[in-house]
Every structure is written in C-alpha cells, then in structure tokens.
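The values are calculated or read from the model by the stated rules, or taken from the named source; none is laboratory data. Nothing here was measured: the structure is a model prediction, and the numbers come from that model. Because the Cβ atoms are built from the backbone with ideal geometry, glycine has one as well, and the counts that use them run over all protein chains shown.
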Amino acid sequence: MNTADKDPRVGAARNASPLGPPELVEIATRTIGHYDAKAEQFWEQTRDHDVTQNRNCLLRHIESDPPFTILDLGCGGGRDLSAFRTLGHIAIGLDGSAQLCAIARRVSQCEVLQQDFLALSLPGATFDGVFANASLFHVPTQELARVLGELREAIKPRGVLFCSNPRGENVEGWQQNRYAALHDYERWCRLLRTAGFTELEHYYRPADEPRHRQPWLASAWRRDDGR
C-alpha cells in the first residue's frame, strides 16, 4: 500500500486497488475544476517562470526541418505556446480547463484544444514534438500507459516527447483538489519504455541546486519505431 508519509506533497495517498470509472471521472472533474477556479491566479503565478531549458531540450532533439509542429500538453495560460510561436514554430495548445484555454488563446493567438487528458482525441502522426511540462503527473498511474500510447501515436515517426514532472517515491493521491502521481526516475523510465519511447536525456530542476532541492525530473524521449 502507498503511504502518504513518503511524500508530504501527496495529502491522501491511495492504495493499489484499481480505480473505477466513477473515480476516474472524479479525478478529472476535480482536477480540472481546481484550475478553472484558479485560472487567473495560476496564470499570474506561472507566466514569468523560466523554463527555457525545457523548451530548448525538446527543440534540439527534433530531427525534422523547422518550423516544427508542437503540441503543448497542459498549456495553462499559454506562456510556452507564445514562446514557441515567437520562434516561428506551429504551436497548438491543449488543456482541460476551459478558463485556461481562453487565457491561452488570448495570450498566444494559437489554436488551443480543450480536452481532458483521460479522454484525448488527437490526430495521428501529426506533431514533431509534444511538450508536456508539469502536466502528465495528473494522470493516474493505471491510465498512464494508455495516455502515453495515445501521445506516441500523435507524434510523427522519430518525433520527441518532453516531460517535466515533480518527482517522488511512486505515490499518488490528492493534493487538495488536484490528483498527482509522483514517480522516481527508474519507474518513469519503465513507463515510457513500455509505451514505446527511447530516452534521449534527463536532468533535474532547478539547475545548479543540490539534488534534495531539485523537485522536478525532466526527460526527453524519442518515439521508438523499431518495435
């Protein structure tokens, strides 16, 4: 059984029993509702966060010729959409929160899809890269293989998936009204490899801090078509 005291960020860790459809609906509804209720506050708090390191990590591993077509999964208020667009790329956002989607469209002038991560509907082999910055940790572990598989199919052959998530001791549960699954590096690798990705690099953030002060695990993965 997972125990909440392994990571204080998870307020109510759950046991290993499978989540049923009603629980998955609750997870999506409450988590999206949290962001809807705090959309303007969230945007103001995150608009100036410097994640240039993460954007550059995605971009340098893409092998096709620019401009790239990039899906910003969990785009929030559009900070990174704007950055990709300014660099000349075709940036498309996706978020579950209708309020954040509205902010992102206004801020970035990009196309933004309103979709629940647990009910994605994406075109196949379309994106040179997917930028999942601080978003996939909201997906319950039991659903992650399916979601990663859907992202893989949406990425062009040899395209790139970038992920940044808060790391933890493989626990999941509620952080107030947001669901969070916190993985360590070894487990995250197993999940991504099983879903058909090959690791390109990983690092911890923020840079130039001791490991115990680096709560974020960032990693880049190539769609593996040799399976």
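For residues that are among the aliphatic types (A, V, I, L, M) and part of a strand (DSSP E or B), scanning just region 155-200, find the one that is farthest from Gln142 (Cα to Cα). Filtering region 155-200 for residues that are among the aliphatic types (A, V, I, L, M) and part of a strand (DSSP E or B), the one farthest from Gln142 (Cα to Cα) comes out as Leu200. When the residues of region 27-51 are filtered to those that are surrounded by fewer than 13 Cβ atoms within 10 Å (Cβ to Cβ) and acidic (Asp, Glu), which remaining residue is farthest from Gln99 (Cα to Cα)? So, considering only residues that are surrounded by fewer than 13 Cβ atoms within 10 Å (Cβ to Cβ) and acidic (Asp, Glu), the one farthest from Gln99 (Cα to Cα) is Asp50.
In region 19-34, the residues that are farther than 14 Å from Ala180 by Cα and at pLDDT 95 or above never reach a residue that is aromatic (Phe, Trp, Tyr) and surrounded by 14 or more Cβ atoms within 10 Å (Cβ to Cβ) with C-beta atoms less than 6 angstrom apart, at least six apart or across chains.
Residue-by-condition table, conditions (1) assigned to a helix (DSSP H, G or I); (2) of a type in the set (A, V, I, L, M):
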{"position": "Ala28", "(1), (2)": "yes, yes"}
{"position": "His34", "(1), (2)": "yes, no"}
{"position": "Leu59", "(1), (2)": "yes, yes"}
{"position": "Ile70", "(1), (2)": "no, yes"}
{"position": "Gly88", "(1), (2)": "no, no"}
{"position": "Leu100", "(1), (2)": "yes, yes"}
{"position": "Arg106", "(1), (2)": "yes, no"}
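Of the candidates Phe84, Phe131, the single residue that is of a type in the set (Phe, Trp, Tyr), under 25 Å from Trp216 (Cα atoms) and in a helix (DSSP H, G or I) is Phe84. Under the condition of being touching a residue at least 60 places away in the same chain (Cβ under 8 Å) and either more than 25 Å from Thr31 (Cβ to Cβ) or in contact with a Ser or Thr (Cβ under 8 Å, 6 or more places away or on another chain) (or both), the residues counted in region 177-202 number 5. The set of residues in region 100-115 being crowded, with 19+ Cβ neighbours inside 10 Å and either in contact with a Lys or Arg (Cβ under 9 Å, 6 or more places away or on another chain) or under 24 Å from Leu148 (Cα atoms) (or both) consists of Leu100, Cys101, Ala104, Val107, Ser108, Cys110, Val112. Among the numbered conditions (1) within 23 Å of Leu19 (Cβ to Cβ); (2) touching an Asp or Glu at 6+ places or on another chain (Cβ under 6 Å), the only one that Thr198 does not meet is (1). Which of the residues that make up region 108-128 are of a type in the set (Ser, Thr, Tyr) and not in a loop (DSSP other than H, G, I, E, B)? Across region 108-128, the qualifying residue is only Ser108.
Kindly evaluate Glu63 against the criterion of being touching a residue at least 40 places away in the same chain (Cβ under 8 Å) and closer than 29 Å to Glu172 by Cα. No; evaluated as a whole, the condition is false for this residue.
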